[in-house]
Amino acid sequence: MISNETQDRTRKVYELKELGINPYPSRFDSTHSVQEVLQLGKKKTRSVEAILKKSPKKQVTIRGRLMTLREHGRLVFANLQDFTGTVQICFMEQVLGKANTKLLRKVDMGDFLGVSGELFYTKHGQLTILVTKWTFLGKTLRPLPEKWHGLQDQEALYRERYLDLMTNEETTKRFVLRTKFIEEIRTFLNANQFLEVETPVLASVASGATARPFKTHHNALDLDVYLRIAPELYLKRCIAGGFERVYEFARCFRNEGMDPSHLQEFTMLEYYGAYWNYEDNMRFTEKMLTTVIKKLFRDLKVTIKSRNGKDTVIDFKAPWPRKDFGQMIKKDCGIDIYAHYNNAPSLRKAIKAKKIEIEDMNKMGFGNLCDSLYKKVSRPKLIHPCFVINHPASTKPLARRSDKNPLVCETFQLLVNTWELVNAYSEIVDPIDQKERFMEQAAAKAGGDEDAMEMDTDYLTCMEHGMPPISGFGMGIDRIITLLTHQDNLKDCVLFPLMKPLEDKPITLKT
């Protein structure tokens, strides 16, 4: 149902057109941004009396959205907002004349305007533009959320992000920081001889990570394909082809459960370095993240929101401690996973004997069973930055086995506030070992483990042509930004998260 206010605003559009005024022009030139106007205001300005005595100048021309509108007799004050800030403007009948002042009756909060005028300070000391000329740049038909409270309903924040950005300054700052974080990471990688590349989003084999894929159909090829789980195997093909350091900010898709720290569509940074092992990679990870965090926050101590909603100060100063995966689990629940190596039934029995409950445990292969046990008993304790290292070989089908202990892989994960921010390891470059791992994954998948990987014969062929030593890295961008910006849900750091469509139930906004 269309509201009375929307009908009134729509009527104004037609009235403006009847007057020969186009409320939706194609472009508009400005001389300053709002931020530049605020800086200009620090210089000497004339008093409003002096301006009126000698006529106002066309000192600045700006454009933006009208966020407030207040009438004071023959004066109309408003706030005009662009991406850089907000400035007060003043419409005065003595300056504009009666016709242009009367036209202000067609103006509503939320409209886009272009204004020209001269700067002055009000009696209350507020920098203001005395408008000498103005024009419509976009007429709104719906009212904005109430000025002082903005959009409050959490679901509405996600569904109508444009209103959230419009009315909540902190939201805009959060997404600006996300962009700057990616820029700084890209700058750091480029400065360290990494080359940015692009890899396919559609693939004929669901590989690159252990996860349940999204499946679709390619009509032109009459072929079932999968949305990318991770770009890993394609990036390693680049290394095999001769590149030595590559990275990609990749959109990834995993058809799994949804919670505050998991989304089915997310952004992953992955990079791969030839002739590195996981120790080199850990040192590089520390240096990269501490450099970027220090540059963005001017400190390595960042206040985050803990899992219980309380403020917690996290110190990212390196070096970060290293914790052995198997030893942690043994310490936290008394189960030695290596005593059950590659034996899911006996490990499952040990877990049940400890009365530890894991959902769908009977469907899991050994690797996913180890990972689920760790997430149940150990990961909730990891608050401050630390590297979890040396995962069982069955949990990492693409990671290189340790030369010292073939039961484990050369792996590390960066954990902060119980969230896994980084997953990295020395890569398998032995095609025989990789084929055996793929076969183990295929067996687990046949046994009902839907997260297990498929055999990728094309990648094996690539490996058989030879690969140098490689270490790779994957970091969830949404997750680390959520952490650094004091949020507790990844949707708060994704501009337009996927939401279940409303069933003809319009969101009620406060106006």
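Each reported figure results from applying straightforward, stated rules to the coordinates on display, with no laboratory input. The shown structure was predicted, so the numbers you read here are calculated from the model rather than taken from an experiment. All Cβ positions, glycine included, derive from the backbone under ideal geometry; neighbour counts span all protein chains shown.
Run down the aspartates and glutamates and flag those whose C-alpha is under 13 Å from the C-alpha of Lys54, throwing out any fewer than 8 positions away in its chain.
Partners found: Glu118.
Quickly estimate the mean residue ellipticity at 222 nm for the chain, helices only: each DSSP H run with n ≥ 4 gives -39500 (n - 2.57), and the total goes over all residues, rounded to 500.
Calculated mean residue ellipticity at 222 nm is -9500 deg cm²/dmol.
Which of Lys173/Lys236; Lys236/Lys287; Lys349/Lys396 have a Cα-Cα distance over 27 Å?
Numbers: Lys173/Lys236 36 Å; Lys236/Lys287 23 Å; Lys349/Lys396 22 Å.
The answer is Lys173/Lys236.
Using alpha-carbon positions, what is the distance between the centroids of region 237-303 and region 154-202, in Å?
Cα centres, region 237-303 to region 154-202: 14 Å.
Which loop-located trypsin sites (Lys or Arg not before Pro) does region 254-328 contain, where loop means any DSSP state but H, G, I, E or B and the Cβ has at most 16 other Cβ atoms within 10 Å?
Arg298, Arg307, Lys310, Lys317
Nothing charged except the Cβ atoms of Lys and Arg (+1) and of Asp and Glu (-1): what's the magnitude of the dipole of the chain about its Cα centre? Round to the nearest 20 debye.
For this selection, approximately 2700 debye.
Below 12 Å, Cα to Cα, which aspartates and glutamates can Lys500 reach? Residues fewer than 8 away in the same chain don't count.
Glu155
Restricting to DSSP loop positions (anything but H, G, I, E, B) with no more than 13 other Cβ atoms inside 10 Å of their own Cβ, which GluC sites (Glu not before Pro) remain in region 417-511?
Answer in residue order: Glu503.
Which order do the peptides 354-361, 370-377 come out in when sorted by mean C-beta neighbours inside 10 angstrom, highest first? Mind showing how you got there, number by number?
Numbers: 354-361: 12.1, 370-377: 20.1.
Per-residue Cβ counts within 10 Å, averaged per peptide and sorted highest first, yield 370-377, 354-361.
Quick check on packing: order 407-416, 272-281 by the mean number of other C-beta atoms within 10 Å, highest mean leading.
407-416, 272-281
Gap in Å between the Cα centre of region 107-148 and the Cα centre of region 19-46?
For region 19-46 versus region 107-148, the Cα centre distance is 10 Å.
In the neighborhood of Phe438, defined by Cβ-to-Cβ distances under 11 Å, what is the net charge if each Lys or Arg adds +1 and each Asp or Glu adds -1? Mind dumping the intermediate values first?
Details: positive: Lys435, Arg437, Lys445; negative: Asp433, Glu436, Glu440, Glu454, Asp456.
Residues close to Phe438 contribute a combined charge of -2.
Looking only at the chain, where both bridge partners belong to it, what percent of the DSSP beta bridges are antiparallel (to the nearest 5)? Show your work: numbers first, answer last.
Details: 77 of 85 bridges.
Beta bridges within the chain, antiparallel portion: roughly 90 percent.
Please work out the Cα center distance from region 74-98 to region 415-480, rounded to the nearest Å.
60 Å
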